[in-house]
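Read through the structure below, which is laid out as structure tokens, and then see the notes.
The values are calculated or read from the model by the stated rules, or taken from the named source; none is laboratory data. Just so it is clear, the model here is predicted, and its values are computed rather than measured. All Cβ positions, even for glycine, are placed from backbone atoms using ideal geometry, and neighbour counts span all protein chains on display.
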Amino acid sequence: MVSVFAPVFRLSRPGISSMIQLSARVHRVPQSRLATFAIALPLYRVFDYAVDGADELKPGARYRVPFANGARIGILLEPVESSSLDPSRIKAVLEKLDDGPVIDAHMLELSRWLAEYYLQPLGEVVFQCLPGYLRGARAHQPTRVKRYFLVDPDTERIDALEKRSPRQFELCRALLQNPAGLTAAGLKQVNPNWHGVVRALMERQLVRWDWLQADTPELPRRTDRPTPSTEQAGILNELESRMEGFAVHLLDGITGSGKTEIYLRLIEQKLALGRQVIYLVPEIGLTNQLVERVERRFGACFVTSHSGLTELQRYRAWDRFRRGEVSILLGTRSSLFSQADRLGLIIIDEEHDHSYRQEDGVRYHARDVAIKRAQMLDIPILLGSATPSLESINNCARDTYYRYCLDQRPTRFPPPAMQLVDTGDSKLTFGISARIFAAIDIHLERHGQVLLYLNRRGFAPVVMCHECAWQALCPQCDARLTLHQSVQSLQCHHCGYCSGVPRCCPQCGHDEVRHYGIGTEQLEHGLAARYPQFPVLRIDRDAAGSREALRSRFEQLQSGDPCILIGTQMIAKGHDYPAITLSVILDADQALFSASYRASERLAQTLFQVSGRAGRGDREGESLVQTRFPSHPLLQALMRDDYRGIAERLLQERRDLGFPPFARVVMFRADALELDLALQKLEQIKTLLQAAERFTGISCIGPMPALMTRRIGRYRAQLCLLSADYQALRAVLHDAMPQIQELPSGSRVNWTIDVDAHDL
Ligand code: ADP
Ligand code: ZN
Ligand code: ZN
């Protein structure tokens, strides 16, 4: 949200941290020393343990500590003089797991800020800063790699090999030229099948291996990169003069305007100064295309981290970056918590993207936490987007961010203007109107690639009996089941519930059950039958099962041959496929009547992002939006105006309504097996909040059932606080949170708090 600035500068020390240190410390324990520990529990408190007097107390180190009847992992937060607990009740730690801290002082400070600002339990926050691999008791992995050497650089024995075994000779020659030894990667360059050859050489006792510290890769010397356009050069100039010290920079550039090119240039400069860079992208942004681009530029000097990797792989990326072995970390949301001694820049691409918000477990917004981190480290942070969030645009208007606009594509054509296709009463064929088919025909004929955006996976979203109106509903959620025909099942997209497809109506026995509506799977079937001569590629969560499958589809796009691409929001962002000439948005209408106050912003972002995938190469693009409501004001505005103009209008609407970013939202949520229990809990919370001394100027909406009330068998309710006076809101929370946390919890109701929640 607007957030970080206001709170950052004003959050005074006696903030929520005083709640975390439960109460005054009184008893002294002289023999061994005391320290507070964070434990990964949803509790708003830390724990005191005694540590053997001889040990140095290092904040950020992991210990095994006794807890209830078992043991837990605790992270030492700080040594303390005394504890509020009776000395006889203070237990000693069981075992020290790390010699040094696994979490550095800066990351501990950031955790404390996050816990305080987002009102999340410190223990959970601290643990989530660690890679999953280290959240238990596992030790660091050795950082060594095997290196192979000549046992004896005796050239005679080597020369003797030349005739008999030329491949062994060749490897020995390479080792002779590299007295420091070669790693597997080095040997592979000499001979891709080096394993057998080295084994033979070891048997002859010509070669041996040893563990050595891993290399720090070197930057490639020569790279081919485009010369910046005049527009890019101007922005680079300005940015370069502001690359020291903290500031937030917003690169607001239309799709395909060369933002990534600017990121890469800035990274180059930071690396030349010996600094490290964190480069965050939305989950799906991390396809081969970007990774290859970064690799071409920076060789092996970077690591990636995303949810497609194993825990161990993510740990290794984290560890190599932390030890400074690599200078760039290219990753998704949680990569933000990677530690580095020489961090010099944070980049957040597609800063408006929803995936930067973590919606379960610890709730935070990665963009906002990143801004705080940059501020703490006094380094610049660069946000980039073709469709910046209203929060960021508002921060530019308030002069808290620098803004740089890129209005041209360095390639030949500007992004296509969107055109509305009114479906009116016309007959649709698997959801597509004749006008759209005509456009698809033309673009394929001209060897263009066609992109169809439909944000609904599966075959059909509604399955019902037209005799008795029975509908296939999820037994655990207030949601319909979607038909997935390829796997012959009905699936709930909220909880993963899955069942077979009934042959006759389970309610009245009628022998036909019908499906309605169109999902991406059906679109794929229909288009494949209609265009048998062209490949039809579907990219959604079902089709993208494996990263490999996804990769092969993207490779096909890269080839530039004509094809049809169908996708959900996974294709809306970040891709640069120059052969796409037509982009079609099939289901804008859903969002036009959404209850969320953010729906218009999101729809505008999606439409500009999707239409901006077309016409990036040397052929002009076309963009069509199919709708039944062509006179809807938002769609009309999209035809006339660019994103910036629309964002200004949406911002004005928010101002008039008193919604974020002109107000702050804090949401309490509760869930239980009965709706009443959830509502009661929120009623108690509301009473405590309203009893707070400074409760003025705050609207309390609820408690009321959540939009989708039942999910995975639990009933959900919400209580929303909305206020234009952030200080008042903060003060009330500060007063009431300790008591809210003390409410008898019981296992029957879960509750959470979401600061800067995105929905009302
Ligand atoms: P964005 O990140 O804004 O979507 P990119 O940096 O991916 O834009 O650039 C879009 C396309 O234009 C890419 O294919 C890129 O290689 C190319 N490009 C970027 N800058 C230049 C330039 N200065 N000269 C030529 N091509 C460029
Ligand atoms: Zn029926
Ligand atoms: Zn469900």
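The residue that is farthest from ligand 2 (Cβ to nearest atom), among those in region 455-493 that are basic (Lys, Arg) and assigned to a loop (DSSP other than H, G, I, E, B), is ARG457. Only one entry of LEU273, LEU290, LEU280 meets the criterion of being at pLDDT below 90 and either within 27 Å of ALA572 (Cα to Cα) or away from ligand 3 (no atom under 16 Å from the Cβ) (or both), and that entry is LEU290. Considering region 473-499 alone, what residues qualify as being among the aliphatic types (A, V, I, L, M) and either free of Cβ contacts under 8 Å to residues at least 24 places away in the same chain or within 16 Å of ligand 1 (Cβ to nearest atom) (or both)? Across region 473-499, the qualifying residues are LEU473, LEU481, VAL487. Might you let me know whether region 529-538 holds any residue that is under 27 Å from ILE712 (Cβ atoms) and either of a type in the set (Ser, Thr, Tyr) or away from ligand 3 (no atom under 16 Å from the Cβ) (or both)? Looking for residues that are under 27 Å from ILE712 (Cβ atoms) and either of a type in the set (Ser, Thr, Tyr) or away from ligand 3 (no atom under 16 Å from the Cβ) (or both), one finds none in region 529-538, hence no.
If the condition is being in contact (Cβ under 8 Å) with a residue 24 or more places away in the chain and away from ligand 2 (no atom under 16 Å from the Cβ), then region 500-524 contributes GLY517, ILE518, GLY519, THR520, GLU521, GLN522, LEU523, GLU524.
Using the structure shown, decide if ILE701 is of a type in the set (Val, Ile, Thr), closer than 30 Å to PRO388 by Cβ and either within 16 Å of ligand 1 (Cβ to nearest atom) or surrounded by fewer than 18 Cβ atoms within 10 Å (Cβ to Cβ) (or both). In short, yes.
Yes/no per residue for (1) on the phi < 0 side of the Ramachandran plot; (2) in a loop (DSSP other than H, G, I, E, B); (3) among the charged types (D, E, K, R):
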site	(1), (2), (3)
ILE346	yes, no, no
ASP368	yes, no, yes
THR387	yes, yes, no
CYS396	yes, no, no
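For ASP587, the conditions (1) in a loop (DSSP other than H, G, I, E, B); (2) at pLDDT 90 or above; (3) not aromatic (Phe, Trp, Tyr) are fulfilled apart from (2). Scanning region 398-417 for residues that are away from ligand 1 (no atom under 16 Å from the Cβ), exposed (fewer than 15 other Cβ atoms within 10 Å of the Cβ) and either among the acidic types (Asp, Glu) or over 20 Å from SER583 (Cα atoms) (or both) returns ARG398, ASP399. Whenever a residue of region 112-128 is touching a residue at least 60 places away in the same chain (Cβ under 8 Å), its partners that are of a type in the set (D, E, K, R) and in a helix (DSSP H, G or I), lying with C-beta atoms within less than 7 angstrom and at least six residues away or across chains, give the pairs TRP113/LYS372; LEU122/ARG112. Assuming GLY645 fulfils every condition listed in (1) under 28 Å from the mean Cα position of the chain (by Cα); (2) in contact (Cβ under 8 Å) with a residue 24 or more places away in the chain apart from one, which condition is it? If we test GLY645 against (1) under 28 Å from the mean Cα position of the chain (by Cα); (2) in contact (Cβ under 8 Å) with a residue 24 or more places away in the chain, just (2) comes out false. In region 468-514, the qualifying residues are those that are surrounded by fewer than 14 Cβ atoms within 10 Å (Cβ to Cβ) and small (Gly, Ala, Ser), and the one that is nearest to LEU673 (Cα to Cα) is GLY496.
Any residue that is over 28 Å from the mean Cα position of the chain (by Cα), within 14 Å of ligand 3 (Cβ to nearest atom) and hydroxyl-bearing (Ser, Thr, Tyr) - is there at least one of those in region 483-490? Taking every residue of region 483-490 in turn, at least one turns out to be over 28 Å from the mean Cα position of the chain (by Cα), within 14 Å of ligand 3 (Cβ to nearest atom) and hydroxyl-bearing (Ser, Thr, Tyr). Within region 645-676, the set of residues being among the small types (Gly, Ala, Ser) and in contact with a strand residue (DSSP E or B) (Cβ under 8 Å, 6 or more places away or on another chain) comprises GLY658, ALA663, ALA670, ALA672.
Conditions tested, residue by residue: (1) of a type in the set (Asp, Glu); (2) more than 19 Å from ARG363 (Cβ to Cβ).
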residue	(1), (2)
VAL665	no, no
ASP671	yes, no
ALA678	no, no
LEU682	no, no
LYS686	no, yes
CYS700	no, yes
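Mind checking whether some residue in region 426-434 is within 16 Å of ligand 2 (Cβ to nearest atom), surrounded by fewer than 19 Cβ atoms within 10 Å (Cβ to Cβ), of a type in the set (D, E, K, R) and not in a helix (DSSP H, G or I)? The answer is no; no qualifying residue exists. Out of (1) farther than 29 Å from ALA397 by Cα; (2) part of a helix (DSSP H, G or I); (3) among the hydrophobic types (A, V, I, L, M, F, W, C), what's the single condition that is false for LEU635? Answer for LEU635: the failing condition is (1).
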